[in-house]
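The values are calculated or read from the model by the stated rules, or taken from the named source; none is laboratory data. This one's a predicted model, so the numbers in the text were calculated from it and none came from an experiment. Cβ placement follows ideal geometry from the backbone for every residue including glycine, while neighbour counts extend to all protein chains displayed.
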Amino acid sequence: MSTDNASRARLTIDPAFVVGPVRRRTFGSFVEHLGRCVYTGIHDPGHPTADEHGFRGDVIELVKELGVSTVRYPGGNFVSGYRWEDAIGPVEQRPARLDLAWHSLEPNTVGIDEFMIWAEKAGVEPMMAVNLGTRGVQEALDILEYANIARGTALSDLRRANGAEQPYGISMWCLGNEMDGPWQTGHKTAAEYGRLAAETARAMRQMQPDLELVACGSSSASMPTFGSWEYTVLTEAYEQVDLVSAHVYYYEDEGDLGSFLASAVNMDYFIDSVAATADAVRAAGKHTKRINISFDEWNVWYQQRAESRPPSGEDWPVAPVLLEDRYTVADAVVVGDLLISLLRHTDRVHSASQAQLVNVIAPIMTEPGGRAWKQTIFHPFALTSRHAKGDVLQVVLDSPTYQTAKYGEVPLLDAVATYDAEGGELVVFAVNRSQNAALPLEIDLRDGGYRLVEAVTYSSEDHMWHATADDDTSVLPVANETAALDGSVVSASLPAISWSMIRLAKA
Ligand code: AHR
């Protein structure tokens, strides 16, 4: 239960206090062969906006507007049973396979070559995952050769014969997916996976030394092996990998809105714990480089809803409706706050992917052959991606607090700031977690040389409002008319359950 009182919150900001650069890769996303993410999501050959490859133009436009940087592919749990070579060459000759992860039928109409065409059209960097569930070193080498070797080998020439003359130059590779999870096809112990990840990475670097390789970390901070998993895996693979992954979907409103609104507290804890564990391995192994974090699956996900349950029995459908959560305004506020947490940790989080991009726990929804629309969570993501530039600043935050069942006493305000020295633009992203009262905010800029460019807020009297194909515009980010600048102090009132962005520029 919330026991907040709405006294004033204060932020002090100084462009001298830099955490690290704003990384474009913080604004990554994820396309998995799951439900309707690929088929009828990004790929829908019968759609009026589809291109010659079957990719929906309306979805590509929304992906661009969302400001997505990297896209992880092809899974997720799906990748742990995937045979990538099923999905190359003439489409009519590709085999259909059972996808054990989602109890679905995979037609293999879209594979690596199609995905790379889509990625280029959407203007995103691919982040490829290899199967270390049912497969191993050789298959990882095979897909790397197919993707990145220019010519003159069996698999690079096969890619060229399949129509891609130039190598793809894919830099980021995930060494499997969620190998700590008992649900994962080919699940392993930390020691088993650590050895396999190290050997796979070593072999991949023999082919191409400058890859950026991501070892699997934990599927959530509540996994029983959390911490010891990272320690064991990194002890095996420290010198061979660059990043360790983190995944979290622990965030949903289960009737305790106060805790839900404070979800970023858990993300902060998760990131700090993984960084500390990686640094402990660094010290114990006398390593010099640092391992950073790829937060490559994160989102609000209502896992108990019926749409999250895969089909069963004899039913192996192609692209069933799965994980199609409808997001509320409160969910969007939490997503905005999770982005604040990721940015605040830009010194250690070097890459992140919201899961997922289209239809499956996604900011973008589609009707097969029909309309595409924006969910509530689209807005804080798009605005943060567009306006967070330059460096992330360390803000000093002084806020009234409230009690939560999950995280104890937490601040009502959460915030981060970015400063772009080149353009002289300072941007503050802020969340009011109060369920019932506006929060007066004062921002001390310690410098009178700014002008207020804009202040926008996303909130609604009805925090349960969600978008539909018929109405995705009734609740949009709107100008916050309470924002004012007086000398070096900005004041604004942040409505209950709201996400806001305040932009200032050097006068
Ligand atoms: O994003 C949905 C699923 O969540 C992914 O396939 C898996 O990696 C995670 O458990």
Residues that are surrounded by 18 or more Cβ atoms within 10 Å (Cβ to Cβ) and assigned to a strand (DSSP E or B), drawn from the range 476-492: Leu485, Val490, Ala492
Counting residues that are closer than 22 Å to Gly75 by Cβ, which helices (runs of 4 or more DSSP H) fully inside the range 208-299 reach at least 1? 228-237, 263-284
Only one of Leu175, Leu213, Leu243, Leu234 that is more than 21 Å from Thr70 (Cβ to Cβ) and out of contact with any Lys or Arg (no Cβ under 7 Å at 6 or more places or on another chain): Leu234
When you scan the range 280-299, do you find a residue that is within 19 Å of the chain's Cα centre (by Cα), away from the ligand (no atom under 14 Å from the Cβ) and either under 16 Å from Lys406 (Cβ atoms) or acidic (Asp, Glu) (or both), even just one? no
Thr200 - would you say it is polar (S, T, N, Q), surrounded by 21 or more Cβ atoms within 10 Å (Cβ to Cβ) and away from the ligand (no atom under 16 Å from the Cβ)? yes
Among the residues of the range 131-142, is any within 16 Å of the ligand (Cβ to nearest atom) and surrounded by fewer than 22 Cβ atoms within 10 Å (Cβ to Cβ)? yes
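For the range 19-41: of the residues being among the charged types (D, E, K, R) and over 15 Å from Ala352 (Cβ atoms), which is nearest to the ligand (Cβ to nearest atom)?
Step one: filter the range 19-41 for residues among the charged types (D, E, K, R), giving 23-25, 32, 36.
In the following step, the residues that additionally are over 15 Å from Ala352 (Cβ atoms) were identified as 32, 36.
On the way: Glu32: 5, Arg36: 13 Å.
Per the stated criteria, the residue is Glu32.
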Go over the candidates Ser341, Ser353, Ser312 one by one and state the one that is more than 16 Å from the ligand (Cβ to nearest atom), in the same structural domain as Gly54 (by TED's automatic domain parsing) and in contact with an Asp or Glu (Cβ under 6 Å, 6 or more places away or on another chain). Ser341
Among (1) farther than 28 Å from Leu413 by Cα; (2) touching a residue at least 60 places away in the same chain (Cβ under 8 Å), there is one condition Ser263 misses while meeting the rest; what is its number? (1)
Kindly evaluate Val358 against the criterion of being within 16 Å of the ligand (Cβ to nearest atom), β-branched (Val, Ile, Thr) and surrounded by fewer than 20 Cβ atoms within 10 Å (Cβ to Cβ). no
Among residues of the range 174-196 being away from the ligand (no atom under 16 Å from the Cβ) and not acidic (Asp, Glu), the residue surrounded by the most Cβ atoms within 10 Å (Cβ to Cβ) is Gly194
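Which one is farthest from Val19 (Cα to Cα), of the residues in the range 404-443 that are aromatic (Phe, Trp, Tyr) and touching a strand residue (DSSP E or B) at 6+ places or on another chain (Cβ under 9 Å)?
Only one residue fits best here, namely Phe429.
Taking the range 46-77 as the search range and keeping residues that are within 16 Å of the ligand (Cβ to nearest atom) and without any contact (Cβ under 8 Å) to a residue 60 or more places away in the chain, which one is surrounded by the fewest Cβ atoms within 10 Å (Cβ to Cβ)?
Going residue by residue through the range 46-77, those that are within 16 Å of the ligand (Cβ to nearest atom) are 68, 70-77.
Remaining after also requiring without any contact (Cβ under 8 Å) to a residue 60 or more places away in the chain: 73-74.
On the way: Tyr73: 30, Pro74: 25.
Going through the qualifying residues, I end up with Pro74.
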List every residue pair whose Cβ atoms lie under 8 Å apart, where the two residues are 6 or more positions apart in sequence or sit on different chains, the first residue falls within the range 80-91 and is crowded, with 16+ Cβ neighbours inside 10 Å, and the second residue, located anywhere, is among the hydroxyl-bearing types (Ser, Thr, Tyr) and assigned to a loop (DSSP other than H, G, I, E, B). Ser80/Thr134; Ser80/Thr185; Gly81/Thr134; Gly81/Thr185; Ala87/Thr109
Count of residues meeting criterion [farther than 23 Å from Glu252 by Cβ and surrounded by 14 or more Cβ atoms within 10 Å (Cβ to Cβ)] in the range 455-475: 3
